[in-house]
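Readers should treat all values here as calculations from the given coordinates under stated rules, not as data from a laboratory. The model shown is predicted, which means the values in this text are computed figures rather than measured ones. Ideal geometry is used to build each Cβ from the backbone, glycine not excepted, and the neighbour counts take in all protein chains shown.
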Amino acid sequence: MKSFEDVKKRLMKNKEFADAYRRNKPLADFIDEMLSLRAKKGWTQKDLADRLGMKVPNISRIEAGKQNITFSTMQKISEALNGKLLITLRKEDFVELSPTAKKIMKKIVKAEKKTPAEILEEALKVYESDKSLTH
């Protein structure tokens, strides 16, 4: 059986598919996070719909990627799930961690009781101050 990555690699050779994938990836990422946060809370679609003042079919369509959503709706969903919505045009200032790095970062955040940004800032200061690391 082929993995998702194998299938995706083959499909990405098709320019139309690749363009559509890149265009829609931010929304797909939002939906993945929405599903993940909802599951962590143990909420059903109805639970989320009730908190948002929406109907369950709307939540279902959003989660299936079949309904375009406004920025305002994304904010409401993020707030209801105690998430944080990040939208940026400054791609060079954004760092996406691998799944392994995310797990490690979560462990460090929990152990150090600091935010990921604080941990990264400290690591960068150590790097800058340790001359053996910069050469």
**Request:** Among Ala39, Ala123, Ala80, determine the one that fluctuates most according to a GNM of the chain built with springs between C-alpha atoms less than 10 Å apart.
**Result:** Ala123
**Asked** Loop-only check: which trypsin sites (Lys or Arg not before Pro) in the stretch 14-96 are DSSP coil with at most 11 other Cβ within 10 angstrom?
**Response** Lys66, Lys84, Arg90
**Request:** With only Lys, Arg, Asp and Glu charged, each at its Cβ (+1 for the first two, -1 for the last two), find how big the charge dipole of the chain is about the Cα centre; round to the nearest 20 debye.
**Result:** 520
**Message:** Can you find, among Pro99, Pro116, Ser132, the residue sitting farthest towards the positive end of the charge dipole of the stretch 95-135, where Lys and Arg contribute +1 and Asp and Glu -1 at Cβ?
**Reply:** Pro99
**Prompt:** In percent, how large is the relative contact order of the stretch 1-88, given Cα pairs closer than 8 Å and 6 or more residues apart?
**Reply:** 24
**Request:** For the stretch 1-106, state which GluC sites (Glu not before Pro) are in a DSSP loop and have at most 14 other beta carbons lying within 10 Å of their beta carbon.
**Result:** Glu96
**Asked** Per-residue HN-Hα couplings for the stretch 83-97, Karplus 6.51 cos²θ - 1.76 cosθ + 1.60 at θ = phi - 60°, whole Hz, x for Gly and Pro?
**Response** x, 10, 8, 10, 10, 9, 9, 9, 3, 5, 8, 10, 10, 9, 7
**Complete:** Calculating Rg and Dmax of the Cα atoms in Å from this structure picks out, from [x] 40.5, 130; [y] 18.8, 58; [z] 13.7, 42, entry [y]
**Asked** Just Thr44, Thr70, Thr100 to compare: in a GNM of the chain, with alpha carbon springs under 10 Å, which one fluctuates most?
**Response** Thr100
**Complete:** Cα-Cα longer than 30 Å, checked against Lys55/Lys107; Lys9/Lys113; Lys76/Lys110; Lys9/Lys66; Lys13/Lys110, kept in input order, equals Lys55/Lys107; Lys9/Lys113; Lys13/Lys110
